[in-house]
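One structure is given below, encoded as structure tokens.
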Amino acid sequence: MYDVIAVGCGPFNLGLAALASEVDDLSVAVLDSRPEFTWHRGLMFSDAMLQVSFLADLVSLVEPAHHLSFLSFLRANDRLYQFYVREKFHPTRREYETYLRWCAAQLDSLHFGHHVRDVVWDGSAFLLTVERGEAVEHFEARHLVVGVGTEPAVPAALAGLPAERFLHSGDYLYRRDDLLRAGHVTVVGSGQSGAECFLDLLRAEGPAVSWLTRTGAFTPLDYSKLVLEMTTPSYVDYFHALDEPVRDQLVKDQWRHYKGISSETLEEIHDVLYARDLSVSPAELQVGVGVVSAVARADRLELTLLHADSGKTFQHTTDAVVAATGYRNRPLPFLESLQPQIEHDASGRWVINRDHSVSATNGLAGRLFVANADLHSHGVAAPDLGLGAIRNATILNTITARELFPLPKSTTFTKFAIPG
């Protein structure tokens with residue numbers, strides 16, 4: 001019988017295990033179907049930067065002196081002074097994954113190769129049926145944390161394209177050689193992933209490249225400091241208390257806070273475009289267009305595009321398509337038996353309390369928590385790595401009914417609610 005079982009081992013549940021590792025009377029297990037910990041390998045460009053500070057590690061914003069902090073990782077690997085002289089708060093994405101793997105190697109609560117097939121509540125505990133290779137094992141837990149992450153989202157208009165000529169940006173580096181052999185590659189979508197794929201294809205000076213987006217411009221990430229206060233616990237407190245329709249509209253309006261492109265990446269793209277203008281391989285950037293349909297012809301792919309401002313459609317041909325079209329929450333078939341006991345909002349989503357627990361009937365006495373599946377209830381901070389340690393501290397405080405980790409009381413200069 002574990003006190004807590006966390007399903008899925010991304011950075012958020014890895015952080016839960018890290019914080020819990022210093023709590024003596026709390027038993028925790030993290031189960032993941034993968035053979036080992038990895039993080040965004042398909043987009044691990046050598047120079048790609050993390051978009052948050054090193055302080056947004058697994059533990060520092062709750063326990064800065066924790067033995068699994070990023071600074072502890074640097075000291076253990078004799079890189080502390082090099083990082084200090086570098087004078088950049090943002091690590092590379094590659095170094096951050098190395099840090100995460102370093103933490104995972106020190107936690108005996110992690111169990112890889114464990115696929116959770118089914119979860120039921122028996123009246124006193126969650127019973128998990130788990131596949132481990134050929135064997136089936138059973139686990140019990142008083143509380144459950146679900147953090148299985150997201151999966152690539154592919155629009156219906158692109159879903160029918162043949163796999164050998166189509167890929168999601170999450171698999172880009174695995175298929176890069178195939179793309180470089182194509183005569184023309186089209187990147188659809190203008191978030192950070194789409195920008196990085198487009199930039200890499202430009203630098204390779206191989207195929208002709210097109211970059212298409214529905215937005216009216218290739219928009220930079222809004223990373224100004226007062227805007228960043230909307231990724232803090234204080235804003236989450238305010239956001240969570242709003243009515244559901246207001247929250248939904250705010251999430252739509254605030255897309256630039258987490259879906260834009262870093263200004264540095266946009267500058268690099270412009271520099272490469274300026275130099276490439278003298279070369280023989282053309283590059284095309286098109287804004288305000290959406291893919292209506294796509295078909296595979298004998299030798300090329302044909303996309304029908306809708307131009308938003310004119311309302312007219314036109315044809316676009318290419319040899320390969322990279323869909324940088326984002327991610328969606330993974331389905332949770334292993335929790336099907338619990339669905340009747342879980343409260344849902346008007347849009348069919350789980351009702352999630354401020355402490356990240358799912359609102360459920362009295363028949364579900366154990367607490368079910370979610371990690372990074374609460375954008376609709378907790379706002380734009382939900383996927384931000386900087387909220388991970390605070391979320392996990394909140395969950396552990398709630399489970400143990402005591403203040404294991406003191407949480408910040410005020411995290412912004414900005415006030416969001418009506419005074420008084």
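The values are calculated or read from the model by the stated rules, or taken from the named source; none is laboratory data. Computed from a prediction, not measured in an experiment: that's the story for all the values here. For neighbour counting, all protein chains shown are included, and Cβ atoms are generated from backbone atoms with ideal geometry for every residue, glycine included. Note: accessible area is taken over every heavy atom of the protein model, side chains too, but ligands, DNA and RNA are not part of it. Shrake-Rupley method; radii C 1.70, N 1.55, O 1.52, S 1.80 Å.
For the reader, a short list of remarks on this structure follows.
- Semi-axes of the equivalent ellipsoid of region 266-420 are 45, 24, 16 Å, computed as sqrt(5λ) over the eigenvalues of the C-alpha gyration tensor in descending order.
- Accessible area per residue for region 67-110 is 61 Å², calculated with a 1.4 Å probe on protein heavy atoms, without ligands, DNA or RNA.
- Shape analysis of region 186-297 yields a ratio of the Cα radius of gyration to the Kirkwood radius, Rg/Rh, of 1.09.
- Those trypsin sites (Lys or Arg not before Pro) in region 256-325 that DSSP places in a loop and that have at most 11 other beta carbons within 10 Å: Arg297, Lys312
- Span per principal axis, largest first, for the Cα atoms of region 347-420 (Å): 41, 34, 29
- Listed residues Asn397, Asn362, Asn329, most fluctuating in the chain (Gaussian network, C-alpha, under 10 Å): Asn362
- For Leu285, the residues whose amide H sits under 5 Å from its own are Trp211, ignoring neighbours fewer than 5 places away on the same chain, with H placed 1.01 Å from N.
- Most mobile of Ala389, Ala275, Ala283 in a GNM of the chain (Cα contacts under 10 Å): Ala275
- In this structure the amide hydrogen of Gly183, modeled in the peptide plane, comes within under 5 Å of no amide hydrogen from residues 5 or more places off or on another chain.
- Net +/- balance of residues flanking Arg349 in space, Cβ distance below 13 Å, scoring K and R +1, D and E -1: -3
- Near Pro333, once Lys and Arg are set to +1 and Asp and Glu to -1 for all other residues with Cβ below 14 Å from its Cβ, the sum equals -2.
- Taking N as the residue count of the chain, its C-alpha radius of gyration divided by 2.2 N^0.38 Å amounts to 1.04.
- Overall dimensions of region 268-349 by Cα: Rg and Dmax, Å: 20.7, 63
- At most 10 other Cβ within 10 Å, DSSP loop - GluC sites (Glu not before Pro), region 1-110: Glu87
- Over all distinct Cα-Cα pairs of region 98-144, the Kirkwood formula returns a hydrodynamic radius of 12.3 Å.
- Overall dimensions of region 172-243, expressed as equivalent-ellipsoid semi-axes from the Cα gyration tensor (√(5λ), whole Å, largest first), are 36, 12, 11.
- Per-residue HN-Hα couplings for region 323-329 [Karplus 6.51, -1.76, 1.60; θ = phi - 60°; Hz; x = Gly/Pro]: 8, 8, 10, x, 9, 9, 4
- Helices in the chain, meaning DSSP H runs of at least 4 residues, each add -39500 (n - 2.57). Divided by all residues, the mean residue ellipticity at 222 nm is -8000 deg cm²/dmol.
- For the pair region 261-315 / region 119-196, the C-alpha centres are spaced 26 Å from each other.
- Listed peptides 369-375, 354-360 by packing density, highest first (mean Cβ within 10 Å): 369-375, 354-360
- Label point 7 Å beyond Cα of Ser293 along Cβ direction - residues of region 151-184 with amide nitrogen under 20 Å: 154-163, 166
- Summed residue charge, Cβ within 13 Å of Glu268's Cβ, Lys/Arg positive, Asp/Glu negative: -4
- For region 42-58, the Karplus equation 6.51 cos²θ - 1.76 cosθ + 1.60, evaluated at θ = phi - 60°, returns couplings of x, 10, 8, 5, 4, 10, 5, 9, 5, 8, 10, 5, 4, 5, 7, 8, 6 Hz by residue, with Gly and Pro reported as x.
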